[in-house]
Every structure is written in C-alpha cells, then in structure tokens.
Amino acid sequence: MQNDNYLYIADNKIEFYQKKTEQFFEYILPKKVVEHGKIINYPKFLREFRLFLKKYQILKKFQKNNLYIIIPPNFNEIDKEIWKIIFDNLSLHKMKFIKETSCYNLKKNVLWLNLNQEYAYLTYLTKHQKETKLLQDNYLGINFIEQLKMFLDMNKNIKKIFLFGNSSEINQYCKKIESQTNKIVLYFENPKYYLLSHIIRHNLI
C-alpha cells in the first residue's frame, strides 16, 4: 500500500501530515538544527528526523512512502541537495519539492505574510517579478510590526495582507497590523496548517 506524506519546517518544528491516516504530527527539534525553514545542521537533523519517524512508526505502516516537502521562498539548490542526501538515507519511495508560494494567489497590491515565532516571509508582486523579504523578530531591536510598517511605507501600493503561519499570536498580530497600517488584513482558519491544508485540498503534487 502506498502512502503520501507532507512535511513543512517552521521555527524549530517539523509539521507533518500523513494522508492515509489523515493525521497531523508535530516534532520539536533542538536549537540550531533548522533556521528560517531550512536545515542548517544535516547530521543532527537526520538523527532527529529518524527519531521522529520511529516514534510515530510512520514508514513501517506502508510498503511505499512518498515524501512531499513544502519549501520556503528562499530555498536554493544547496538546500535541495541536503534533502536529497536525507532521502537516500531513508526507506522512502519518492521525494518531491513543493514551493510554498504555489499556495499564494499573488495579485497586484497584495502581500502574503508567513509569520512564525522567530521570522517572517513577505511575498508580493512588483512590476516585473515576484519578490520575497525575510524579517527576523527583534532584528536590530526592531519588532515584526515596526519592520512591517517600514516595509509598507516603502511599498505604499500594497492594500491587502493575507496572514498565516506558525505564530501563536496570529489573531493579535492581525489586529495590530490593521490598526497601525490601515491595511486590510485577513488570516486563514487554522493558519498554522494553511500550507499543508491548501496543498492537500488542491492536490498540488
């Protein structure tokens, strides 16, 4: 029996969905293993990932296991190579990358904000192409809201913001951003699982 698995990294967590059993799993990683949704310590990540798979007996239930990895906007070829090495070390049938931005309905004057506990990605359209900015909480002593306000001051054409992510304060951030920037701010039901849910619902594989 074949099973599809979906994985997303946010902050220091692995967010994982198993399609056959319709189960979400979450696994906390040690510090300095991942950063901004990317692996920065391959040996430690591989060890922890194996422990996670063993803990929930994820791969042993099915003959073939496919892994779909949702990748952040700044993913590059080196990041992909790291995942390919991990794939070769595990009993997986197939691995495929899915761009996070494939879940965005990018339009003129609209900003997509992926807000996590320690960082955020801003994605939007310019006249010529798609752009992404990385914000880090309290970077140079400036919090997310102030950084976002500075960004919006330089991009006055943005009228609407779609908000989702791993942050536990999405609702509060939505209200703060709306009151301090006079922009329309919308957030999704279960914002933590927006990417996984959207990809599964729309079969983006």
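The values are calculated or read from the model by the stated rules, or taken from the named source; none is laboratory data. In this text the structure is predicted, and so the values were computed from the model without any measurement. Cβ sites come from the backbone with ideal geometry, for glycine too, and all protein chains shown count toward neighbours. The area values use the complete protein model at the heavy-atom level, side chains included, leaving out ligands, DNA and RNA. Shrake-Rupley method; radii C 1.70, N 1.55, O 1.52, S 1.80 Å.
A few points about this structure:
- A 1.4 Å probe run over the chain, with the rest of the protein chains in place, finds 55 Å² accessible per residue.
- Share of carbon and sulfur in the accessible heavy-atom surface of the chain [1.4 Å probe, %]: 49
- With N the number of residues in the chain, Rg(Cα) / (2.2 N^0.38 Å) evaluates to 1.06.
- Length-normalised contact order of segment 133-205 in % [C-alpha pairs under 8 Å, at least 6 apart]: 27
- Over 26 Å (Cα to Cα) - which of LYS31/LYS160; LYS99/LYS133; LYS19/LYS54; LYS19/LYS183 fall in this group: LYS31/LYS160; LYS19/LYS183
- Unit charges at the beta carbon, dipole of the chain: most positive-side option, ILE9, LEU135, PRO30: ILE9
- When peptides 60-72, 13-25 are ranked by their average number of other Cβ atoms within 10 Å per residue, the highest-first order is 60-72, 13-25.
- Here the calculated FRET efficiency for ILE145 and ILE78, from their Cβ-Cβ distance with R0 = 25 Å, stands at 0.20, rounded to the nearest 0.05.
- Dividing the summed -39500 (n - 2.57) terms of all DSSP H runs of n ≥ 4 by the residue count of the chain sets its mean residue ellipticity at 222 nm at -8500 deg cm²/dmol.
- Neighbourhood net charge (13 Å Cβ-Cβ; Lys/Arg +1, Asp/Glu -1) for TYR139: -2
- Simple label model, 7 Å out from Cα along Cβ direction - LYS108 to MET154, nm: 2.3
- Cα convex hull volume per residue for segment 1-103 (Å³): 96
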